[in-house]
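> Please read through the structure below; I'll follow up with questions.
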2 protein chains.
Amino acid sequence: MSTPTTAKKPTKKRAPQSNAELALQTTLSGIQGQQRVVIERVTPEIDGGRFPIKAVPGDVIAVEADIFADGHDYLAARLLYKHGDDNTWQETPMALIINDRWGGAFVVEKQGRYHYTIEAWVDHPASWQHEIHLKVADGQRITSELLAGATYVEGMAQRAGRQAGNAHDEAELYRIATLFRTGSADAEGNNYNEAVSFAESEQFLHYAHLYPERQYPTRHAPELAVEVDRPRAGFSTWYCLFPRSAAREEGHHGTFRDVEALLPRISGMGFDVLYLPPIHPIGTSHRKGKNNSVVSQPGDPGVPYGIGSELGGHDAIHPELGTLDDFKHLIAVARNYGMEVAMDLAIQCSPDHPWAKEHPEWFKKRPDGTIQYAENPPKKYQDIYPVYFETEDWQNLWLELRRVLLLWGEWGVRMIRVDNPHTKPFAFWEWVIAEVKKEYPDMIFLSEAFTKPKVMQELAKRGFAHSYTYYTWRNNKQELQEYMTELTQSEMKYYFRPNFWPTTHDINPYILQGGHEPQFLIRYFLAATLSSNYGIYGPSFELMEHIPFPNKEEYLNSEKYEVRYWDWGRTNKLTYLIGLTNRIRHENAALQKTNNITFCSVSDDAIMAYVKVAEQNRLLIVVNTDAYSRRAGMVQVPIWELNIQPDQEYVVYDLLTGAYYTWRGEWNYVELDPYTLPMHLFRIDLL
Amino acid sequence: MSTPTTAKKPTKKRAPQSNAELALQTTLSGIQGQQRVVIERVTPEIDGGRFPIKAVPGDVIAVEADIFADGHDYLAARLLYKHGDDNTWQETPMALIINDRWGGAFVVEKQGRYHYTIEAWVDHPASWQHEIHLKVADGQRITSELLAGATYVEGMAQRAGRQAGNAHDEAELYRIATLFRTGSADAEGNNYNEAVSFAESEQFLHYAHLYPERQYPTRHAPELAVEVDRPRAGFSTWYCLFPRSAAREEGHHGTFRDVEALLPRISGMGFDVLYLPPIHPIGTSHRKGKNNSVVSQPGDPGVPYGIGSELGGHDAIHPELGTLDDFKHLIAVARNYGMEVAMDLAIQCSPDHPWAKEHPEWFKKRPDGTIQYAENPPKKYQDIYPVYFETEDWQNLWLELRRVLLLWGEWGVRMIRVDNPHTKPFAFWEWVIAEVKKEYPDMIFLSEAFTKPKVMQELAKRGFAHSYTYYTWRNNKQELQEYMTELTQSEMKYYFRPNFWPTTHDINPYILQGGHEPQFLIRYFLAATLSSNYGIYGPSFELMEHIPFPNKEEYLNSEKYEVRYWDWGRTNKLTYLIGLTNRIRHENAALQKTNNITFCSVSDDAIMAYVKVAEQNRLLIVVNTDAYSRRAGMVQVPIWELNIQPDQEYVVYDLLTGAYYTWRGEWNYVELDPYTLPMHLFRIDLL
């Protein structure tokens, strides 16, 4: 099956002899009858190519596919890729892995959208060489075969000649073709031996792949996409605070200027994103009081999520925090500290929001004609009007929301946390995120959707760069490992970037309500080392605020309903661990990715150990998840993944304490006391 | 979120104020902004709907999908399906299984191509009722909500009125709408109580689903397909013989008339398909001799796969077998025995085939201008010209092959075994099978591809109704169970119909080369009870022919190269088992499907046990796969799948021997001696 078509004749078609025959030939007309290769089960490919995967510059995109054809011919496959701005595809070869599974990879160098797909074809010269090997080994004379080979080599020469800079190869290939022909004519001569030797060489294959025949290629039809975000999408450290609680003196409403004064502390702890809950005017109708009381007292500041008053809505600034210029000043000062400011998009209105008057059609009406306030029966939230996305005027609603986001972009904001995105249509998010990124490609959206798995996944598919997760409720070793495995080993690894938070201003998890310091240390440290993106709600978290609203996973005296005064100067063991861990995260590339995790077997069922590797940076992290007992056990270091020989000594150096140990082999002893320090953050140094 | 839009206003669009705004609205123009439901991960769906699944009439097609929307509303989903001939979709409801996974099912009643897809929407009335439940339970008065409910009910009434035959429902729904309105107006009266009672009723939901709002529905875009073949595609029993070896007297070349004389024996053993290797004129150039000798002796009959001579090619009959009329007569007589005749399509030619002269362009040329014979280097097959599917004249080649197959259809053939389909392009098979089925919807193609898994799967996807399998080399319990699990639990279950053969005329497997009778019994019985489609190569198999060509998995003195004489009258333990098992297969529906298998735990590692169930027909099959030792062990009967209570007695009745046992509970004792009978075929009878 491997000798070449020596000449291509024009297709010889009989003239159809009847209408039936004409109809029949029509069934052939759309078919590429000579195209023999099949490409299937491409990975990554999210929902048949409907959604892009995500990456940051420098990431390696490893692509695999089932590639096969009828018969026994050799195949060639190329991975094609291009940046959105490019006109032509770049190519890199794919290689057979095993059992018709092929793999290849390319690097996304820069921000923006890349596309990739696969092309494959029957590799006749390679098949021919394989048969030459078999026949020569069998002692056959391959004179006729050399003639066929000459045709292949002439084809390579012609293709070399078509591209500039290949004159040398072209000449060499014509020389080889001649050698094949003369060798074929004299099976006893030196030319024959030389020709056979070249026919069997790696060099023949090299030329074949450099100037491929590429006959009847199959192209994987969907052009798959990679959305490459800026680096901070892959590695970020968030700090949430309520600016109204930023005042240094009790009894004062905090301002953006007060927040500026806190930046040395926050950036000093190693955070690079300052996230602020809504900073817009707060409504007064049905304003809530302390602890979510339905009746507010005079002087109660209201809930920042009750957005909008006669002073403006999502495009205005709450005057008690300062002016728009003050906010821009905060952004500028934060930038000097290497930090950026994230805003909070909550698509809902107080009854006093300008939209309620100007666009009543954007809200649902009750039968009595009044606007429907929010409900979660039997609970009623008369202070909030949800936006009605099924409105007939949805286009103008979407355009207005886009306008707000672009305005925030103008202010200098490049990160947006979205409140409850799962209660707004997926199609809206897909559209608005794409629209905003057209103007501000740096924009990063964080999805605050604590809801069902498939809904959270869908929001990530539609364009959210970051997603809140179930981490907040994954406490023991088994559930943490299972969850991390789902995030980093399932298809989610391609499009869902987790952002781990031990607490949020909405969630005071049961496990921390005891106020037990080792538990805070553990919950913090797991977030910061399992996920390259994480955040804390401060200073509540680092000051170990923990008293719950009775029987709820919420805080008593929550800042959502009142201004709080915090002792912003306080430091403790946790603040020390945070600062140290964030510094280590910046210095160790292995902590700047999430999917590079491998869990280790440990003999103790509370000690969790995992390895994270980024090129030469190898870390072994060991955490005692039991906040109440000293635990000890044997950890299995996956030396086979770390290029460590079984009898080779290596040093594990604890970046937290400076202690180090010389280990050998897979199984080594660890012991962790929660009351001293319940974790190791070992760098593995090969000797 | 659940009160209705009381009135639909025409969309209010602002006039675009600039070119930029116009461009922006263009990005909205393709979007259904109010469509909130997402449908993903539909099963079955082969390669995004590229290929149909397979079924036979009466099969239940169970469809699942992830279906979800933003927010917390209730959803409604319908499975849509239609036969190819129908203009309109039929519908059946889908129900939530768990965690946003929905399921539904429909029955394919008749042969042909069905299509199916899914439509889903937000179920506002159901969401409304859910909120009513919560508010009523909370003691709230729902007067305003009843007004909203009246609007829903009026909508149902209007939709009822639009279809004939619903006058009663329409009137009743208008009555209820009035009740809701009067109840709303007087929260202390009886009407209020009656209205609330109805609002909370199942009847409300019944009407809501009978006359659904169906607002902004999402339709799963691909229309998925089911290829429904005739019943014998699902349940068939094949017998292969070489007609030239059918003579009753040694030294004679068998004929179709001789084959007719064997039909009582073959149909008596319970076979319903008689498959004949190629019956066309055999070439004389480079004709092979006995045992594949490259030199034939005078009188050697040649290889039936060396197709074509001056007497004709694939459209002609080998004269030594009889005439075309004789062949048609055989088909007619076989039909009287409830059997049909399968032909063998081998797309290759002897050098004497008419195509070699008339269409030299359908064959590959060697550099010296001669036609390239078949090679599998270092081996050469000078008696065979492979057809060159990369020919520029591929369209006429395809048309000619289609003509041949349609001619066979004219002769009365409705089953075709295809020799080595994996060496011809997938696109050809997809086209030609579809073309032939247009004329002969009953046509069943069997793929004889013993090759790599993905290639075998692809052939099945492209249209082969049946596929040869690796069964021939799956011998021990573990590998049999693993293979059956792959066939019946992976995606293959939807499109790949296995046809199990213990031997073929090409394969004399090592495990049977010892001629050990219990081994033949086991290999036969496993094929016949694991797979609803199976076949034997007779009479070689049932006469326990086993002497190999030295060091090969082939037969010595194979019928492929010579005429054999068989003692067609002989019976033995194996022929008895075959006849009995085939009768049991016909009487027990559970053996007429393949995917209905559940393996049982057994304490012995050679005893294999499996349950097959079809409605009330429950079978437990126990096989000792060790052909040399008596084995005993405990079998775990999956009583939880058989509706048997733990303390309930049941009878296992051995359909092979008539023995029966009363069992209780899961674990029961079995003992099987290969030298008596190494299997049970129990019918489970509930008392």
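> Please compute, for peptide A:27-36, the average count of beta-carbon atoms on other protein chains lying within 10 Å of each residue's beta-carbon.
Averaged over the peptide's residues, the number is 6.
> Please list, in order along region A:635-647, the HN-Hα scalar couplings obtained from phi with the Karplus expression 6.51 cos²θ - 1.76 cosθ + 1.60 (θ = phi - 60°), rounded to whole Hz, x for Gly and Pro.
9, 8, 7, x, 4, 5, 8, 10, 6, 9, 6, x, 9
> Report the one residue of A:ALA225, A:THR488, A:PHE242 whose Cα lies farthest in the direction of the positive end of the charge dipole of the protein assembly as shown (charges on C-beta: Lys and Arg +1, Asp and Glu -1; origin at the Cα centre).
About the Cα centre, the residue reaching furthest to the positive side is A:ALA225.
> Under 19 Å Cα-Cα from A:LYS357, which aspartates and glutamates qualify once same-chain neighbours fewer than 8 residues away are excluded?
Once the sequence-local aspartates and glutamates are set aside, what remains near A:LYS357 is A:GLU310, A:ASP315, A:ASP368, A:ASP383, A:GLU390, A:GLU392, A:ASP393, A:GLU400.
> Using θ = phi - 60° and the Karplus form 6.51 cos²θ - 1.76 cosθ + 1.60, what ³J(HN,Hα) does each residue of region B:112-127 get, whole Hz, x for Gly and Pro?
Values per residue, Gly and Pro as x: x, 9, 9, 10, 8, 7, 10, 10, 9, 8, 6, 9, 4, x, 5, 4 Hz.
> Quick one: angle between helix A:190-199 and the longest Cα principal axis of chain A, in degrees between 0 and 90, rounded to 10, please.
Compared with the principal axis, the helix lies near 20 degrees.
> How large is the dipole of the protein assembly as shown about the Cα centre if only Lys and Arg carry +1 and Asp and Glu carry -1, each at its Cβ, rounded to the nearest 20 debye?
On the way: 138 positive and 178 negative charges, 222 e Å.
My answer is approximately 1060 debye.
> How shielded is B:447-457 by partner chains, expressed as the average number of their Cβ atoms within 10 Å of its Cβ atoms?
If you average over the peptide's residues, the count of other-chain Cβ atoms is 3.
> Something else about it: With +1 on the Cβ of every Lys and Arg and -1 on the Cβ of every Asp and Glu, and nothing else charged, how large is the dipole of chain A about its Cα centre, in debye rounded to the nearest 20?
I would put it at about 780 debye.
> Give me the net charge for the shell around B:HIS314: Cβ to Cβ below 11 angstrom, other residues only, Lys and Arg +1, Asp and Glu -1.
-2
> Helix B:143-162 versus the longest principal axis of chain B: what is the Cα-based angle in degrees, 0 to 90, to the nearest 10?
Rounded to the nearest ten degrees, it is 50.
> Continuing with this model, one more query. Can you work out the Karplus-derived ³J(HN,Hα) for every residue in region A:171-183? Use 6.51 cos²θ - 1.76 cosθ + 1.60 with θ = phi - 60°, whole Hz, and x for glycine or proline.
3J(HN,Hα) across region A:171-183, in whole Hz: 4, 4, 5, 5, 4, 5, 4, 4, 4, 4, 5, 5, x.
> Label 7 Å along Cα→Cβ of A:VAL107; region A:565-602 residues with amide nitrogen under 20 Å?
A:588-596
> OK, next. Taking H placed 1.01 Å from N in the peptide plane, check which residues at least 5 places from B:TYR381 or on another chain put their amide H under 5 Å from its amide H.
So B:TYR381 has HN proximity to B:ALA374, B:GLU375, B:ASN376.
> Right, another one. Long-range amide H contacts for B:SER236: which residues qualify at under 5 Å (H placed 1.01 Å from N, peptide plane, sequence gap of 5 or more or a different chain)?
B:ASN533, B:TYR534
> Would you rank A:LYS365, B:LYS454 by solvent-accessible area, highest first, keeping every protein chain in place and using a 1.4 Å probe?
A:LYS365, B:LYS454
> Rounded, prolate or oblate: pick one for region B:124-211, where a ≥ b ≥ c are the square roots of the eigenvalues of its C-alpha gyration tensor, a/c under 1.5 means rounded, and failing that, prolate if a/b is larger than b/c, else oblate.
Because a/c hits 1.5 or more and a/b exceeds b/c, region B:124-211 counts as prolate.
> Along the charge dipole of chain A, Cβ charges K/R +1 and D/E -1, which of A:ALA528, A:ILE416, A:VAL404 sits furthest on the positive end?
Most positive-ward Cα: A:VAL404.
> Here is a follow-up. Where along chain A is the Cβ that lies nearest the axis linking it to chain B, and how many Å separate them?
Per the A/B rotation axis, the closest residue of A reads A:GLY48, 2.
> How high is the relative contact order of chain A, in percent, with contacts defined as C-alpha pairs under 8 Å that are six or more residues apart?
In percent, rounded to a whole number, it is 10.
> Once both axes come from the Cα atoms, what is the angle between helix B:256-268 and the longest principal axis of chain B, in degrees from 0 to 90, rounded to 10?
For B:256-268 against chain B, the angle is about 50 degrees.
> I've got another one for you. Would you mind giving the mean number of other chain beta-carbons within 10 Å of the Cβ of each residue in B:374-381, as a whole number?
The per-residue average across the peptide is 4.
> Taking H placed 1.01 Å from N in the peptide plane, check which residues at least 5 places from A:PHE51 or on another chain put their amide H under 5 Å from its amide H.
Sorted by chain and number, the residues that satisfy this are A:ILE46.
> In this model, which of B:LYS364/B:LYS452; A:LYS364/A:LYS560; B:LYS493/B:LYS612; B:LYS379/B:LYS454; B:LYS365/B:LYS437 are farther than 22 Å apart at the alpha-carbon?
B:LYS364/B:LYS452; A:LYS364/A:LYS560; B:LYS379/B:LYS454; B:LYS365/B:LYS437
The values are calculated or read from the model by the stated rules, or taken from the named source; none is laboratory data. Please read all numbers here as calculations on a predicted model, not as lab measurements. All Cβ positions, even for glycine, are placed from backbone atoms using ideal geometry, and neighbour counts span all protein chains on display. Just so you know, the surface numbers come from the protein's heavy atoms only, side chains and all, with ligands and any DNA or RNA stripped out. Shrake-Rupley method; radii C 1.70, N 1.55, O 1.52, S 1.80 Å.
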